[in-house]
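Asks: Can you keep this structure in mind? I'll have questions shortly.
The values are calculated or read from the model by the stated rules, or taken from the named source; none is laboratory data. Just so you know, these numbers come straight off a predicted model, no measurement behind them. So basically every Cβ, Gly included, is an ideal-geometry build from the backbone, and we count neighbours across all protein chains shown. Calculation scope for accessible area: heavy atoms of the full protein, side chains included, ligands and nucleic acids excluded. Shrake-Rupley method; radii C 1.70, N 1.55, O 1.52, S 1.80 Å.
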Amino acid sequence: MKGLKIIVTLFAFLVCVILQTTVAKWISVFGAMPDFLLIFVVYQAFKHGTVPAALWGFVIGFSCDIYGPVEWLGAGTVSMTLLGFLVGLLEERFLMMRLSLRIVILSFGYVFYDLLFLSLTNLSHGEVTQLFLTRSIPNGIYTVICGGLIFYFLFHRKHRKTHV
Amino acid sequence: MLKLGGLIRRFCAFGRGILVLAFLLFLGVGMLMLPVPTKERLSSFFLSSVFYPVQYLVASVDDYRNVIEENEKLKEQNARLRLELDYARDGMRELTRLRALVRFDNQWDYPIVTARIIGRNPGRMVTTLILNRGISDGLKKDMPVFSMSGLVGKISKVAAHHAQAQVIADPNLKFSVLNIRTRTIGFAETMDGKMLTATIPTYAGIQVGDTLVTSGLGGIFPKGIGVGTVSEIQPLDMEVLSLMVIRPFQEVSQLEEVFVMQKEPDWIVRELLQ
């Protein structure tokens, strides 16, 4: 059973990678794209807690870094690992949440990740501000919309009556 | 006790999580601190080994989508080229017709005006054609209208820039025809808007397949414009007269352009018409 879960998780990860690298481009709106990999990390954090989420955050952050500018190698790894760990503290085993709360956490998570990532790169303050306003905010809004839909289908459709 | 146990378990899990986090952060920060050449080596190593299958898979998905997009573009291009080809073919047909016209034009003593058909009468029978030429092009009432195949009719009304042609399929139009082989003359008319009929003496020896042309009598049509072929001969009462059914050379409903001969009716006809 555990083996099956691992296979399903790996498959979900692969789907997210494909979504992020292909589908995200196709469904971009005025250049804004959703971050399916961040949604995956947050989902893992809600579902399985700190350790798996931190591990997945590390893997995904590292994958993103590999394809990014080589000078920034490690920035995404650190940011995504921390995000996974922090959101993992709100694991659903200990805390049942409403969809709205999950969306709020996803929003804050996105802002936290992006600000940390940008601050770990060697960009100037002005560049970070400009990137945050022009790229992070539209992408974040799109990510939160997509994440909300995904969370609804994954967490709330089956357990609609059991929320506290 | 149960609550206490849960708390301890959670604390242990948290502690283990902290350890894992510390280790992962150590790796992450370590990567950040690496010199750029080392980062490059590390990056290229992972790209060419661990990430290669993922990259391959992603590229395949992207390729698949590109193939679909390319296919759509090619279909669109194909449709456009087909249209252009049809247009070119139509142009070629028009060119052939016009070349033939140049040769045809020299057969007559009268100038010929080419006209496009821009309208037809909406009834079941095509009795009238609207032409895009009028008085400004030298057209006048009762000028003969014909096509490459044969007689079409005559101008019945004329305006400044367009004209109406009464076609041979109109039951109101009657004209004389000449059998080329027997030189017999008859008056052709139509009853059904398709086939022409003419009454001729039985002794004239008309046969099925004989060619008929305009006789030049009547003063409107010049002599020699092809009309049609005899398709049937029906004996009439007393067997003195026969009715010949004529299949016209030109099917009026298939016309696109016609020629108007700038020949005015003979003076006698003009006087009669007045």
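Asks: Test of understanding: among A:Thr50, A:Thr77, A:Thr81, A:Thr121, which residue is at pLDDT below 85 and hydroxyl-bearing (Ser, Thr, Tyr)?
Replies: Answer to the check: A:Thr121.
Asks: Please go through (1) modelled with pLDDT of 85 or more; (2) open to solvent by 80 Å² or more (accessible area, probe 1.4 Å) for B:Val102 and return the number of the only condition it doesn't satisfy.
Replies: Looking at each condition in turn, B:Val102 falls short on (1).
Asks: If you take the residues of the stretch A:86-118 that are over 22 Å from A:Cys146 (Cα atoms) and either out of contact with any Ser or Thr (no Cβ under 9 Å at 6 or more places or on another chain) or not in a helix (DSSP H, G or I) (or both), which of them is most open to solvent (accessible area, probe 1.4 Å)?
Replies: In this case the residue turns out to be A:Arg93.
Asks: Hand me the list of strands (runs of 3 or more DSSP E) wholly inside the stretch B:171-274 holding 1 or more residues that are open to solvent by 80 Å² or more (accessible area, probe 1.4 Å).
Replies: B:185-190, B:226-235, B:241-248
Asks: Also, I was wondering about something else. Quick check on B:Glu264: is it in contact (Cβ under 8 Å) with a residue 12 or more places away in the chain and under 26 Å from B:Asp109 (Cβ atoms)?
Replies: yes
Asks: Kindly indicate which of A:Phe30, A:Phe13, A:Phe40 is more than 7 Å from chain B (Cβ to nearest Cβ), surrounded by fewer than 24 Cβ atoms within 10 Å (Cβ to Cβ) and on the phi < 0 side of the Ramachandran plot.
Replies: A:Phe13
Asks: Those residues that are at the interface with chain B (Cβ under 7 Å from one of its Cβ atoms) and at pLDDT below 85, I need them from the stretch A:53-74; list them, please.
Replies: A:Ile66, A:Val70, A:Glu71
Asks: Are any of the residues in the stretch A:59-75 of a type in the set (Ser, Thr, Tyr) and crowded, with 23+ Cβ neighbours inside 10 Å?
Replies: Taking every residue of the stretch A:59-75 in turn, none turns out to be of a type in the set (Ser, Thr, Tyr) and crowded, with 23+ Cβ neighbours inside 10 Å.
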